[in-house]
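Shown next, in structure tokens, is the structure this report addresses.
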Amino acid sequence: MLSFKSFFLTFFLSFLFSFSQESRSFVKYDFKNDKVYNLKLKELKDSLNKNSTSKLERKIADLAFYYKDWDTAIGFYEKVVLNAPKGDSYFRLSVAAGRKSLEVSRLFSISYLGKTRSALLKALELQPNNPLFLRTAIEIFYEIPNFLGGDKEFAKEKAALLYELDPIEGLMAKGYLNEKEEDLVLAKLNYSKAIKLILKEELELVLNRERRDLAYELGRVTADFEINNELGITSLQFYLKNYNFIDNIALEWVYFNLAKISIKQKAMQKSKIYLEKALEIKPDFKQALLLKKEIK
């Protein structure tokens, strides 16, 4: 029988992962069977053995990060930040640890979550006004339970700061926090304000920002809140068109949200095509299967 402590831990870890695993399925990659990656990695490690330099350590860390080999990336970024403590290196260490925490059992994820949190705090210490770091911190510190180092008030403070620095990202972050607190009316209001600001700018410049997930998030938000269907379609198609190896969101979720918007536009044939594409990628994608059953 589980002890009370074990039950308590399991309960809160279930809470932590419920949103991340269901609403934003991240891409995984079988780097172990990628011959190109493993050859490049071996060559760099051989060079490092002959002449150990921080530049080579950073090259290995970046290569592993690109191919989603999170353990190797974590190990080498930890070496990099010892020799050259820069915000970008700490941020990548945080992202690698966070992504790894989603790929292991919930019990083993605790140590990775600790690295995620501490590295992100160091990144913010070095670059406190970096919008990308702030946006990531808002999600990390809101979703991690308090007893594992989470801090919802800290997340809200960073959302307020982000709004001052970048109103579009700040409003998107506020909408995200509203969703987490199940205030969907306020969430829609903040998302609508963000979209109004976006429509005043050149859309492609907005979608080409450093935070590539913004294009996906705009599509997801318009699909869920019925704010601006045309913008949602454009944003998701932009994400698809520019999708590459380094992107985070699994493609089945992009097609799923395109299908949802198409249904609202009464473009039923398009919605069926998008759902089939989603199910080709992930045949057991339960949200897509349910939606497919509904539109029949």
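The relative contact order of the chain comes to 11 percent, based on Cα pairs under 8 Å that sit 6 or more residues apart. Using the rule -39500 (n - 2.57) for each DSSP H run of four or more residues, divided by the residues of the chain, the 222 nm mean residue ellipticity is -24000 deg cm²/dmol. Within segment 151-244, the GluC sites (Glu not before Pro) that combine a DSSP coil assignment with at most 15 other C-beta atoms in a 10 angstrom radius are E181, E182, E201, E202, E210, E226. Between N33 and K241, what's the calculated FRET efficiency when r is the beta-carbon distance and R0 is 41 Å? Round to 0.05. For N33 and K241, the calculated efficiency is 0.90. Summing Cβ point charges (Lys, Arg +1; Asp, Glu -1) relative to the Cα centre of the chain gives a dipole of roughly 640 debye.
Which helices, taking whole DSSP H runs in the chain, have alpha carbons extending 27 angstrom or more along the helix axis plus mean Kyte-Doolittle at least 0.0? Span-like helices in the chain: 4-23. Distance check, please: which entries in K158/K180; K35/K68; K272/K292; K79/K115; K40/K68; K100/K286 exceed 19 angstrom between their Cα atoms? In this structure, K100/K286 exceed 19 Å between Cα atoms. With contacts taken as Cα pairs under 8 Å and at least 6 residues apart, segment 203-296 reaches a relative contact order of 22 percent. The convex hull drawn around the Cα atoms of the chain, when projected onto a plane and averaged over every direction, covers 17.8 nm². With the highest mean first, a sort of the peptides 102-112, 69-79, 32-42, 266-276 on other beta-carbon atoms found within 10 angstrom per residue produces 69-79, 266-276, 102-112, 32-42.
In plain terms, the residue of K156, K286 with the fewest other Cβ atoms within 10 Å comes first and the most crowded comes last, giving K286, K156. Each of Y163, N228, N49 was placed along the dipole of the chain (beta-carbon charges, centred on the mean Cα), and the one lying farthest toward the positive end is N49.
Note: relative contact order over segment 45-118, using C-alpha pairs below 8 Å and six or more positions apart, is 23 percent. On full extension, the segment bounded by S111 and E210 gains 32.8 nm, given 0.36 nm per residue less the C-alpha separation. Only the Cβ atoms of Lys and Arg (+1) and of Asp and Glu (-1) were treated as charged; on that basis the dipole of segment 203-296 about its Cα centre amounts to roughly 360 debye.
Taking the average, over residues, of other Cβ atoms within 10 Å as the packing measure, peptides 236-242, 189-195 rank 189-195, 236-242 from highest down. Ordering A84, I138, F285 by Cα displacement along the dipole of the chain toward the positive end leaves F285 in first place; charges were set at the Cβ atoms of Lys, Arg (+1) and Asp, Glu (-1).
Rule-based calculations on the coordinates, nothing more; no lab input. What you see is a predicted model, and the numbers here were worked out from it, not measured in a lab. Cβ atoms come from the backbone with ideal geometry, glycine included; neighbour counts cover every protein chain shown.
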